[in-house]
């Protein structure tokens, strides 16, 4: 007996010595390699809710997280089912191996391999063909790994590498793909199902083999009950839970996510606010519901204090069956219409050329052979700068542009972030301020953010971005006065004024591009800047695309939901008494005076020169540009759309484009003719849309007073040599 014990002890000692020697001969698995899990790019909102997740270099959906974020049940259930002595063994569970050997011998087939979580981690890191030798190497490397790493790190790596069906790798991807949850939010039943899938990620997939998956899950739960880990009632409730029916990964807000990934390919925590995004999306979709399917919208909500984009709708028709559904309209260049006018007036105020009360002339003005016209085709005559800006009058805006200089203004726009303005001032000319250029809604948001926050602050898509702010090119005084002028709610419909009520204060500017192709509405206050654009991505015109009637209702609803107030006046803004007509400090001949805002030490300060004493009487001497034009005088009757000599190219897809036919200076109804054939009638202020066809066309218009005007245009099919 003693001899048997001696030889038994000697055998164990020799095995131990051989094992120790082998563990030092076999190349260890580098700890870094064992613990590293290649992450997939993914984007979350500012509250850590996933928006999108992609694939890593191994084509897996993998989101490595720390053990502390995996919740209570997953680590507990895993250890209980897969490696009960995990916390005590050194990489190899000898009792487990003896038990597995006995089971395999008794059943005459392999039913258990005696693997530990650490040895399985080795196998997941360096897959090998299944063999006794491979198992031995895994055990040896598991022992080495346990010597150089702690248990928590090994358990964390295992749970981050384990497969959970399809291409879901790790518990974070598994919880997200099957339930749309964080691992810490999983129930006991859900944790048990994930652990059940470890035995065969495909064999026990609940969407493919639900009965098999449920049986395996329930067996695990019953085992936990039998070992006193959970109560029988907990077990019964857990087994009653339904199984998930499919893998579903977040794919919302794809166009915003694309913007994030273009800046940071690995993704991360974005600036998107879930509540604001839901509100913005809902308002955009409701606003588009009654419009033609060819019209879409984009919108951006910016937090002024940080420059963070809290809401982003790149294309309101995203997901619809349209060839342009994937187009991110928020980053696409379009004509701004009148939306750039506030910047030229702010610049003129900073230059000391204008103040809100300054007299301006809304009268015909030559512009490269054509005269700029207002949207309603009428001129107002003498107006203040504030009236010109609030009513978006074109001629005063052109006069302001000429005051500051086209090249200087173009440079200012580029500094504001309008990167697409690549031509020189001669190319754009006066049309620069009337929409004769292209900008994107994102660029518009950047520029108006500067006006709203009195500071240049880059737009921010990622919370961790550290972007430097800079001094605004506009003074706080001109920024405040511009915003104050544009708070005028009389421009809103009665319904919009009632809806906005006391919910929010805002300044706003609209824009409608030439030919009714783009409708803009930009609103801002001290807290928020919001840009709404509407249009047809193909560039086709639509009579519905008028900024005030199309885009403003969406803007009002969004601003009302956001709230916020306008800022207080900066120290440099004050009030003074001015002549009611000239807007300058009055002289003794000025018959009417009023109080008006100005920038102290900057605004024009010379006294009024329009009123004079002559022979004991007051006379008014108007500047030449105002002489002889009444407020309601109409310009000469002429066709203003299309332009004389215009050349069109008809695209090969979709329906033929429709061209807006419009005139100015008409009296009464307008009758339209093409090649002498009557095609329809319109009101003076409304266009008639005519479907274009290939060839040369002579278009004529006749108004109620018998005046007529004719132009010629041409159109050719795509690819035609003519």
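Side notes on the structure shown:
- Being closer than 30 Å to residue 143 by Cα, surrounded by 14 or more Cβ atoms within 10 Å (Cβ to Cβ), at pLDDT below 55 and in contact with a helix residue (DSSP H, G or I) (Cβ under 8 Å, 6 or more places away or on another chain) is a description that applies to residue 22.
- Comparison of 143, 49, 111, 77 shows that the only residue that is under 17 Å from residue 198 (Cβ atoms) and modelled with pLDDT of 85 or more is 77.
Residue-wise test of (1) assigned by TED's automatic domain parsing to the domain that holds residue 36; (2) under 21 Å from residue 56 (Cβ atoms); (3) free of Cβ contacts under 8 Å to residues at least 12 places away in the same chain; (4) not in a helix (DSSP H, G or I).
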{"site": "175", "(1), (2), (3), (4)": "yes, yes, no, no"}
{"site": "196", "(1), (2), (3), (4)": "yes, no, no, no"}
{"site": "207", "(1), (2), (3), (4)": "yes, no, no, yes"}
{"site": "215", "(1), (2), (3), (4)": "yes, no, yes, no"}
{"site": "223", "(1), (2), (3), (4)": "yes, no, no, no"}
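- Index of the failed condition, residue 33 passing every other in (1) closer than 29 Å to residue 178 by Cα; (2) surrounded by 15 or more Cβ atoms within 10 Å (Cβ to Cβ); (3) at pLDDT below 90: (2)
Listed here are the residues, each with its yes/no results for (1) part of a helix (DSSP H, G or I); (2) under 30 Å from residue 47 (Cα atoms); (3) outside the structural domain of residue 262 (by TED's automatic domain parsing).
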position: 418; (1), (2), (3): no, no, yes
position: 427; (1), (2), (3): yes, no, yes
position: 432; (1), (2), (3): yes, no, yes
position: 446; (1), (2), (3): yes, yes, no
position: 451; (1), (2), (3): yes, yes, no
position: 480; (1), (2), (3): yes, no, yes
position: 484; (1), (2), (3): yes, no, yes
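- Pick from region 218-273, criterion in contact with a strand residue (DSSP E or B) (Cβ under 8 Å, 6 or more places away or on another chain) and at positive phi, ranking: surrounded by the most Cβ atoms within 10 Å (Cβ to Cβ): 253
- Search result, residues across region 690-722 that are surrounded by fewer than 16 Cβ atoms within 10 Å (Cβ to Cβ) and in a strand (DSSP E or B): 691, 695, 696, 698, 708, 710, 712, 714, 716, 717
- Residues (in contact (Cβ under 8 Å) with a residue 60 or more places away in the chain and either closer than 19 Å to residue 35 by Cα or surrounded by 22 or more Cβ atoms within 10 Å (Cβ to Cβ) (or both)) located in region 159-173: 159, 160, 161, 165, 168, 169, 170, 171, 172, 173
- Checking every residue in region 180-194 against the condition of being out of contact with any helix residue (DSSP H, G or I) (no Cβ under 9 Å at 6 or more places or on another chain) and either buried (at least 21 other Cβ atoms within 10 Å of the Cβ) or outside any helix (DSSP H, G or I) (or both) gives at least one match.
- On the stretch given as region 672-689, residues that are surrounded by 13 or more Cβ atoms within 10 Å (Cβ to Cβ) and modelled with pLDDT under 85 total 2.
- Considering region 380-398, the residues that are assigned to a helix (DSSP H, G or I) and out of contact with any strand residue (DSSP E or B) (no Cβ under 6 Å at 6 or more places or on another chain) include one that is surrounded by the most Cβ atoms within 10 Å (Cβ to Cβ), namely 389.
- Test for residue 555: is it under 17 Å from the mean Cα position of the chain (by Cα), crowded, with 19+ Cβ neighbours inside 10 Å and part of a helix (DSSP H, G or I): yes
- Any hit, region 627-638, residues being under 45 Å from the mean Cα position of the chain (by Cα), modelled with pLDDT of 80 or more and assigned to a strand (DSSP E or B): yes
- Of all residues in region 644-662, those satisfying the criterion of being surrounded by 13 or more Cβ atoms within 10 Å (Cβ to Cβ) and closer than 16 Å to residue 712 by Cβ are 644, 646, 648, 659, 661.
- Sole exception among (1) closer than 26 Å to residue 470 by Cα; (2) surrounded by fewer than 23 Cβ atoms within 10 Å (Cβ to Cβ) for residue 339, by number: (2)
- Taken over region 257-283, the criterion of being outside any helix (DSSP H, G or I) and either outside the structural domain of residue 465 (by TED's automatic domain parsing) or over 16 Å from residue 302 (Cα atoms) (or both) is satisfied by 264, 265, 266, 267, 268, 269.
- Qualifying residue in region 196-212 (condition: surrounded by 14 or more Cβ atoms within 10 Å (Cβ to Cβ) and closer than 23 Å to residue 47 by Cβ): no
- Qualifying residue in region 318-328 (condition: closer than 22 Å to residue 417 by Cβ, touching a strand residue (DSSP E or B) at 6+ places or on another chain (Cβ under 9 Å), surrounded by 24 or more Cβ atoms within 10 Å (Cβ to Cβ) and not assigned by TED's automatic domain parsing to the domain that holds residue 224): no
- Candidate set: region 284-299, residues that are touching a helix residue (DSSP H, G or I) at 6+ places or on another chain (Cβ under 7 Å) and assigned to a helix (DSSP H, G or I); chosen: the one modelled with the highest pLDDT: 284
Residue-wise test of (1) in contact (Cβ under 8 Å) with a residue 12 or more places away in the chain; (2) more than 19 Å from residue 387 (Cα to Cα).
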site: 432; (1), (2): yes, yes
site: 458; (1), (2): yes, yes
site: 468; (1), (2): no, yes
site: 501; (1), (2): yes, yes
site: 511; (1), (2): yes, no
site: 514; (1), (2): yes, yes
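- Unique match (being modelled with pLDDT under 95, assigned to a loop (DSSP other than H, G, I, E, B), more than 25 Å from residue 532 (Cβ to Cβ) and in contact with a strand residue (DSSP E or B) (Cβ under 6 Å, 6 or more places away or on another chain)) among 365, 377: 377
- Sole exception among (1) at pLDDT 80 or above; (2) touching a strand residue (DSSP E or B) at 6+ places or on another chain (Cβ under 8 Å) for residue 707, by number: (2)
The values are calculated or read from the model by the stated rules, or taken from the named source; none is laboratory data. Since this is a predicted model, take the numbers as computed values, not measurements. Please note: Cβ atoms are built from the backbone with ideal geometry, for glycine as well, and neighbour counts cover all protein chains shown.
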